[in-house]
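**Student:** The following block contains the structure, expressed as structure tokens.
We did not get these values from a lab; they are worked out from the coordinates using the rules stated. Keep in mind the model is a prediction, meaning the values are calculated, not measured. Heads up, the Cβs are rebuilt from the backbone with ideal geometry, glycines too, and the neighbour counts pull from every protein chain shown.
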Amino acid sequence: MILIVDDNVQNIFSLQQLLELHKFRVDSAASGQEALKKILQNEYSLIILDVQMPDMDGFEVAEAISGYSKSKDIPIIFLSAINTHKKYIAKGYGSGGVDYVTKPFDPDILLLKVKTFYKLSEQHRRLNEMDKILRAEIEVRKKVESDLHDRVEELKSTLESIPQMAFNTDETGKIEFVNERWSDYSSDRMNFPETEGITISHCIEQAILARNQFKQEVKIKRIDNHEFRYHLLYITPVRKEDKFFKWVGILTDIHEQKMASEVLEQKVQHRTQELKEANKRLEDSNNELQQFAFVASHDLQEPLRKIQVFSAMVREGATPERPEFKLYLNKISAAAERMRRMITDLLDFARPPELDQFTKTDLNKIIEDVLSDLEVKVRTLNANVRVTDLAEIEVVPGQMKQLFQNLILNSLKFVRPGATPEIQITGEFVAQKAFTDRAVGTGDYYRITVRDNGIGFDEIYAERIFEIFQRLNQKDAFEGSGIGLSIVKKIVDRHRGLIKAAGKKGEGAVFTIILPVNHTRS
């Protein structure tokens, strides 16, 4: 429990609420005299003591507390809003305080201090309790050892009364006494029962060698039905003046528990095997589903191609008398093209990761190929794409080409009306896999930044922008399947990297990617 001592009720209330919120038990006192009375009546692990109080100030209370044997070890944290000079802080420590906190204080910092000193106080209290227990135990053991020789008969009587088989031997392991239950397993009181596997004599030899208590499961044979039953054998030394002079053995029948444990273990093994088989079936099913999705998506493109071809043929043959045909066919063709792009993107998105092959690749060459493929679109929009000299890192070349193509297409797609598209791609080495890590000459990671001056987006959508089929704009206003950035995110994940999107509406977007320089598949 924590005791708060303060003459200001509001201070007590705020501190009590803070501590109780973090599961501490709290008591309070409005004066030094009340605090001293409570300390004599209760056990406290920490005291939070205000310095400025009428009658007795905090320093006087602390000195009184340290004078009581019961409370002298309780840690005290002083709180003061006025006495903040170094001499008062020194006086606080001199009065027995473990810390001196000035107001106003940071609740989080105070809470950390409270947790620390509370834990230390509890540990100190437990250590004292353990010390008392250990001291008492030492005294008991001394007395027991001094009386041990005279209590051998009492020991025999005790062994006779317990429900387990019991025996004692001399220091060499020779039997001296057995209880009545011994006769269920041995007809000779001077010989150990017959065992299957490990013998009791061997266990005693091991205990003598270890010079400590020994525990072992043994199977011993009953005389009446010749059944071997599991027993747990404890062999405990009896010492006098640090010398071994007897061994006491206890055999507890655990046959039923052992049989139940074996049955349970068999059931666990059986269930584990069933789970392995179920996981294998699930893995096979996932592979089949992945292959099905690939084939199905691939086959869907064939009728789309026919729709596009025949729509183009009909559109070319449209007559001036029926101009609406051409409009309808244009819409059909556009919809088919959107569906084709969506299927192609889904095929890329569903590509099995085990097909990935990482090679050291020049990222400049990748971007050159991408810009070559997008040459017409870049020229049509009069876009300016600036690329700094990028590094060579281990990547899947085809996936990296797709990543840059999607990011550049994204920038070319979301152009501000009346603005000339500006795209800047830069790269730098970093030591840590962190967006805020400073650039270095060489490092284990490579940070790539793709920046544009497009329409941008609201920062609240920074995470949703990578969700599959997630579109922040109407599909009629901007073309696309809504899967491009999802593919980018998936490619970054397959490369064990990080990606972050940032932007501001009307001021462009920035995509930051961090990839490992060397990528070893595990």
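**Student:** Take the Cβ-Cβ distance between K87 and V144 as r, set R0 to 41 Å, and report the resulting FRET efficiency rounded to the nearest 0.05.
**Tutor:** About 0.10, to the nearest 0.05.
**Student:** What are the aspartates and glutamates whose alpha-carbon lies under 20 Å from the alpha-carbon of K365, with same-chain residues fewer than 8 places away excluded?
**Tutor:** The reachable aspartates and glutamates, counting only those whose Cα sits under 20 Å from K365, are D356, D373, E375, D389, E392, E394, E428.
**Student:** Once you put a point 7 Å from the Cα of D373 and another 7 Å from the Cα of A462, both along the Cβ direction, what distance in nm separates them?
**Tutor:** It is 2.9 nm.
**Student:** Let me ask something else. Multiply the residue separation of Q269 and V440 by 0.36 nm, subtract the distance between their alpha-carbon atoms, and state the gained length in nm to one decimal.
**Tutor:** So the extension gain works out to 56.3 nm.
**Student:** Another question, then. How far apart, in nm, are the 7 Å Cα→Cβ label points at T449 and R222?
**Tutor:** Going by the 7 Å Cα→Cβ label model, 8.3 nm.
**Student:** What list of ³J(HN,Hα) couplings, whole Hz, do you get for region 364-380 from phi and the Karplus terms 6.51, -1.76, 1.60, once you set θ to phi - 60° and write x for glycine and proline?
**Tutor:** With coefficients 6.51, -1.76 and 1.60, one gets 4, 5, 4, 5, 4, 5, 5, 5, 5, 5, 9, 4, 5, 5, 5, 5, 4 Hz.
**Student:** In nm, what is the difference between 0.36 nm times the number of residues separating H255 and K37 and their Cα-Cα distance?
**Tutor:** Full-extension gain reported as 72.6 nm.
**Student:** First measure r as the distance between the Cβ atoms of L127 and R496, then evaluate 1/(1 + (r/R0)^6) with R0 = 60 Å and state the FRET efficiency to the nearest 0.05.
**Tutor:** The formula returns an efficiency of 0.80 here.
**Student:** Same structure again: Report the trypsin sites (Lys or Arg not before Pro) located in region 372-429 that are in a DSSP loop and have at most 10 other Cβ atoms inside 10 Å of their Cβ, or state none.
**Tutor:** none
**Student:** According to the square roots a ≥ b ≥ c of the eigenvalues of the Cα gyration tensor, what is the shape class of region 2-128, taking rounded for a/c under 1.5, prolate for a/b larger than b/c otherwise, and oblate for the remainder?
**Tutor:** Cα axes put region 2-128 in the rounded bin.
**Student:** Can you tell me how region 87-157 classifies by the Cα gyration tensor, rounded, prolate or oblate, using a/c under 1.5 as the rounded cut?
**Tutor:** prolate
**Student:** Given Cβ point charges of +1 (Lys, Arg) and -1 (Asp, Glu) and nothing else, what value in debye, to the nearest 20, does the dipole of region 2-128 about its Cα centre take?
**Tutor:** In debye, rounded to 20, region 2-128 gives about 460.
**Student:** Now a separate question. Please enumerate, by chain and number, the lysines with C-alpha under 17 Å from the C-alpha of K70, excluding those fewer than 8 residues away in the same chain.
**Tutor:** Here the lysines satisfying the reach criterion relative to K70 are K37, K38, K132.
**Student:** May I ask you to derive the FRET efficiency for K433 and Q17 from their Cβ-Cβ distance with R0 = 51 Å, giving the value to the nearest 0.05?
**Tutor:** 0.80
**Student:** For the cross-link pairs K87/K115; K23/K113; K215/K240; K280/K360; K360/K401; K433/K489, which exceed 24 Å when the distance is taken from alpha carbon to alpha carbon?
**Tutor:** The answer is K87/K115; K280/K360.
**Student:** Kindly identify region 151-253 as rounded, prolate or oblate by the Cα gyration tensor criterion: order the square roots of the eigenvalues as a ≥ b ≥ c, call it rounded if a/c is under 1.5, otherwise compare a/b with b/c, prolate if a/b is larger, else oblate.
**Tutor:** oblate
**Student:** Can you return the lysines within cross-link range of K413? Criterion is Cα-Cα under 17 Å, with same-chain partners fewer than 8 residues away left out.
**Tutor:** K377, K475, K504, K505
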